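The values are calculated or read from the model by the stated rules, or taken from the named source; none is laboratory data. Note that this is a predicted model, so its numbers are computed, not measured. Glycine also receives a Cβ, built like all others from the backbone with ideal geometry; neighbour counts cover every protein chain displayed. The protein model used for the area step is the full one, side chains on, heavy atoms only, and it has no ligands, DNA or RNA in it. Shrake-Rupley method; radii C 1.70, N 1.55, O 1.52, S 1.80 Å.
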Amino acid sequence: MYLSHIRIKSFRNFEDFEVPFQSGLNLVVGENNIGKSNLFDALRIALGYAAFGRAALRPQHSDLHRNDKGEIATTFEIHLEFTGVSKEDLATFLECVVYDPKEPARSLVRIGYRWTWDDATQRYTEDRWGGDLEERGVKAEALQYLPSTYLEPLRDALTYLSAGRGSRISTLLTKLGTDDERERIVNLVKTTN
């Protein structure tokens with residue numbers, strides 16, 4: 001299962017933004033200050049602590065989109081869609097499944113997130129749901145099956161990618177699941193060097 005689509009509404013610089021992803025490695029490249037980090041911050045907020053651990057983000061009032069007239073939204077939403085769902089995924093993410101009975105292999109996992117600010121009470125509410133029904137809550141236990149590694153944006157490649165304990169490369173290698181995956185990354189780095 002992989003993240004195949006994300007839609008973001010009224011979050012930071014995104015009024016209404018969506019982007020598809022492919023299976024495997026996806027690169028997000030662009031000039032500074034266009035929203036690359038905001039895209040990943042939205043993902044970190046939508047999946048929360050269960051998936052990202054200490055790298056999860058807490059939404060704030062400043063995350064709400066401000067339009068050209070200076071009007072600030074009261075709500076932002078993040079919608080995630082996962083494709084390539086296995087039978088095990090169907091069981092694990094049961095409350096998040098959009099099942100296709102004619103072609104079960106085309107079934108999807110959807111997770112929605114909404115954060116709303118109330119000016120009158122100076123408080124927020126947040127909702128996370130699965131599938132197509134907002135009444136279906138998503139259990140934190142299910143989100144734990146989406147373990148994610150967040151690496152800070154790469155501002156100075158030579159410094160951040162240098163060898164050593166605690167470097168980006170070592171962090172990534174320790175987070176990869178299997179010895180085979182780690183070996184493939186090491187061989188790739190050796191080949192590119």
Original post:
Residues of the stretch 119-136 being more than 25 Å from Leu94 (Cα to Cα) and part of a strand (DSSP E or B), which ones?
Top reply: Arg123, Tyr124
**OP:** Give the number of residues within the stretch 115-146 that are farther than 15 Å from Phe82 by Cβ, out of contact with any Leu (no Cβ under 7 Å at 6 or more places or on another chain) and buried (at least 19 other Cβ atoms within 10 Å of the Cβ).
**Re:** 1
**OP:** Name the single residue, out of those in the stretch 116-133 being within 17 Å of Thr74 (Cβ to Cβ) and touching a residue at least 40 places away in the same chain (Cβ under 8 Å), that is nearest to the chain's Cα centre (by Cα).
**Re:** Glu126
Original post:
Can Ser62 be described as modelled with pLDDT of 95 or more and either exposed (fewer than 13 other Cβ atoms within 10 Å of the Cβ) or under 30 Å from Pro101 (Cβ atoms) (or both)?
Top reply: yes
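Conditions (1) modelled with pLDDT under 85; (2) closer than 29 Å to Gly30 by Cβ, marked per residue:
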{"position": "Arg110", "(1), (2)": "no, yes"}
{"position": "Gly131", "(1), (2)": "no, no"}
{"position": "Glu135", "(1), (2)": "no, no"}
{"position": "Leu146", "(1), (2)": "no, yes"}
{"position": "Tyr160", "(1), (2)": "yes, yes"}
{"position": "Leu172", "(1), (2)": "yes, yes"}
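This table checks each residue for (1) out of contact with any strand residue (DSSP E or B) (no Cβ under 6 Å at 6 or more places or on another chain); (2) open to solvent by less than 40 Å² (accessible area, probe 1.4 Å).
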{"residue": "Tyr2", "(1), (2)": "yes, no"}
{"residue": "His5", "(1), (2)": "no, no"}
{"residue": "Phe14", "(1), (2)": "no, yes"}
{"residue": "Glu18", "(1), (2)": "no, no"}
{"residue": "Ser23", "(1), (2)": "no, no"}
{"residue": "Asn26", "(1), (2)": "yes, no"}
{"residue": "Gly30", "(1), (2)": "yes, yes"}
{"residue": "Ser37", "(1), (2)": "yes, yes"}
{"residue": "Leu43", "(1), (2)": "yes, yes"}
Subject >> In the stretch 92-107, the residues that are within 21 Å of Gly48 (Cα to Cα), out of contact with any Lys or Arg (no Cβ under 8 Å at 6 or more places or on another chain), open to solvent by less than 70 Å² (accessible area, probe 1.4 Å) and in a helix (DSSP H, G or I) >> reply: Thr92
Original post:
Out of Gly30, Gly48, which single residue is over 26 Å from Leu133 (Cα atoms) and either modelled with pLDDT under 95 or acidic (Asp, Glu) (or both)?
Top reply: Gly30
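To keep it simple, each residue is scored yes or no on (1) in a strand (DSSP E or B); (2) without any contact (Cβ under 8 Å) to a residue 24 or more places away in the chain.
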residue: Val28; (1), (2): no, yes
residue: Ile34; (1), (2): no, yes
residue: Leu47; (1), (2): no, no
residue: Gly53; (1), (2): no, yes
residue: Pro59; (1), (2): no, no
residue: Gly70; (1), (2): no, yes
residue: Ile78; (1), (2): yes, no
residue: Leu90; (1), (2): no, yes
residue: Arg114; (1), (2): yes, no
